[in-house]
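Undergrad: Provided herewith is a single structure, encoded as structure tokens, for subsequent inquiry.
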Amino acid sequence: DGEIVFREPTSGEVPAYAILSYTWGEEEVIYQDLKKGKDKSKTVNKTGWRKIQFCTKQAAIDGLEYFWVDTCCIDKKNTVELGAAINSMFW
């Protein structure tokens, strides 16, 4: 139905997905913005939301149901997760 839903991986099976990675700027959508139960009205007004909408449309054009966006798929408050994500970008 076109709704963007944040999903945590639930199994070892990883479906095909698109990746959106870019230089982080002001008003990016972050992990905490997409947590369950969070009011999305402020999130959709952030500048970074347009990048996510673009990724949604492009993934659909490419026949993909899922996409990964580094600004909101990496929990920057979790230092272990952030460190692992950063290190994996350099391999």
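Undergrad: Please work out how much length the chain gains when fully extended from W68 to I4, using 0.36 nm per residue of separation minus the C-alpha to C-alpha distance, in nm with one decimal.
TA: Gain on extension, W68 to I4, equals 21.9 nm.
Undergrad: Would you mind listing how long the stretch 9-60 runs along its three principal axes, going by Cα atoms, in whole Å with the largest first?
TA: Cα extents, longest axis first: 32, 25, 19 Å.
Undergrad: Lysine pairs, Cα distance under 16 Å, 8 or more residues apart or cross-chain: how many in the chain?
TA: Values: K35/K46; K35/K76; K35/K77; K38/K46; K40/K51; K42/K51.
Within the chain, the lysine pair count is 6.
Undergrad: Rounded to the nearest 20 debye, what is the charge dipole size of the chain about its Cα centre when +1 sits on each Lys and Arg Cβ and -1 on each Asp and Glu Cβ? Display every interim value, and only then the final one.
TA: On the way: 12 positive and 14 negative charges, 58 e Å.
For the chain, the charge dipole is close to 280 debye.
Undergrad: Given the peptides 10-18, 68-76, 50-58, arrange them by the average over their residues of other C-beta atoms within 10 Å, most packed first.
TA: On the way: 10-18: 8.4, 68-76: 18.0, 50-58: 14.9.
So the order, starting with the most tightly packed, is 68-76, 50-58, 10-18.
Undergrad: Hey, another quick one. If you roll a 1.4 Å probe over the chain with all protein chains in place, what percent of the accessible area is carbon or sulfur?
TA: Heavy-atom surface of the chain belonging to carbon and sulfur, 1.4 Å probe: 54 percent.
Undergrad: Taking only DSSP H segments of four or more residues, each worth -39500 (n - 2.57), what value at 222 nm results for the chain once the sum is divided by all its residues, to the nearest 500 deg cm²/dmol? Don't skip to the answer; put the middle values down first.
TA: On the way: 3 runs with 27 residues, N = 91.
Using -39500 (n - 2.57) per qualifying helix, the result is -8500 deg cm²/dmol.
The values are calculated or read from the model by the stated rules, or taken from the named source; none is laboratory data. If you're wondering where the values come from, they're calculated on a predicted model, not measured in any experiment. Note: ideal-geometry Cβ built from the backbone for every residue, glycine included; neighbour counts use all protein chains shown. Just the protein is used for accessible areas: all its heavy atoms, side chains included, with ligands, DNA and RNA removed. Shrake-Rupley method; radii C 1.70, N 1.55, O 1.52, S 1.80 Å.
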